[in-house]
Amino acid sequence: MKPSTQRPTRIVGIDPGSVICGFGVIDVHGGKLSLVEYGVVDVKRQHTSFPERLCAIHSRLGAVMDRTQPDQCSMETVFHGKNVLTIVQLAQARGVAMLAAAQRNLMPTEYTPMQIKRAVTGRGSASKDYVRQMVHAMLDITDNHKFLDATDALAVAICHALLGGRPLPARTTAQRKGKRSAWADFVEKNPDKIR
């Protein structure tokens with residue numbers, strides 16, 4: 001059997017954040033995953049102004065993409081936040097990360113945290129530490145990065161590789177209908193408890 005001469009597909013995964021933004025770059029070659037590089041853009045210490053942080057995220061992620069030349073980009077979606085300001089700032093950080101990718105003709109595929117965890121660990125409710133352990137095992141990483149954001153970004157890239165760039169549906173129609181049917185059954189059986 002001849003060895004494959006096909007070039008590996010390089011994927012950058014981004015775990016966006018307005019304080020710490022994780023990035024991870026992997027190669028996928030015939031089903032084998034290998035680490036290219038990973039790390040974080042830690043902007044809180046260098047910049048006190050939010051616009052300066054956004055500029056730093058944009059330029060440093062751009063530098064990672066220029067250096068590693070990925071073929072595809074994947075990113076974690078915004079899912080929820082403790083307050084409105086946090087969500088707005090996270091959305092803005094995601095926007096500049098997307099801009100950095102789009103300027104390099106990379107259109108990010110987005111995945112929810114649950115989809116990423118399910119793809120990497122088999123469980124959508126896995127802990128961040130378990131995700132880190134699985135990422136380390138899959139990519140044969142022996143060092144522990146200071147920030148989980150770095151391994152989270154690798155998990156995003158691995159998710160993209162395993163799903164072939166097609167996000168999993170959050171919930172199937174049958175699952176949603178089943179929950180609505182259970183509620184409808186409850187209402188029908190307990191009309192006196194509903195006002």
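Values quoted throughout were computed directly from the atomic coordinates according to the rules given, and no laboratory measurement underlies them. Just so it is clear, the model here is predicted, and its values are computed rather than measured. Using ideal geometry, Cβ is built from the backbone for each residue, glycine included, and neighbour counts are taken over all protein chains shown.
For the reader, a short list of remarks on this structure follows.
- Electrostatic tally near V88: other residues with Cβ closer than 15 Å to its Cβ, Lys and Arg +1, Asp and Glu -1, net +3.
- Difference of contour (0.36 nm per residue) and Cα-Cα distance, T9 to L162: 53.9 nm
- Net charge dipole, the stretch 9-168: roughly 280 debye, given to the nearest 20, about the Cα centre with Cβ charges of +1 for Lys and Arg and -1 for Asp and Glu.
- In this rough spin-label picture, where each label sits 7 Å from Cα along the Cβ direction, the D66-D143 distance is 2.3 nm.
- Percent of Cα pairs exceeding the 20 Å cut-off, where the set is the stretch 9-168: 44 percent
- Distant-in-sequence amide H partners of V36 (H built 1.01 Å from N, under 5 Å): V25, I26, D27
- Distance (nanometres) between label positions extended 7 Å along Cα→Cβ at N105 and K44: 3.8 nm
- Linear extension gain, E52 paired with D129, 0.36 nm per residue minus alpha-carbon span: 24.6 nm
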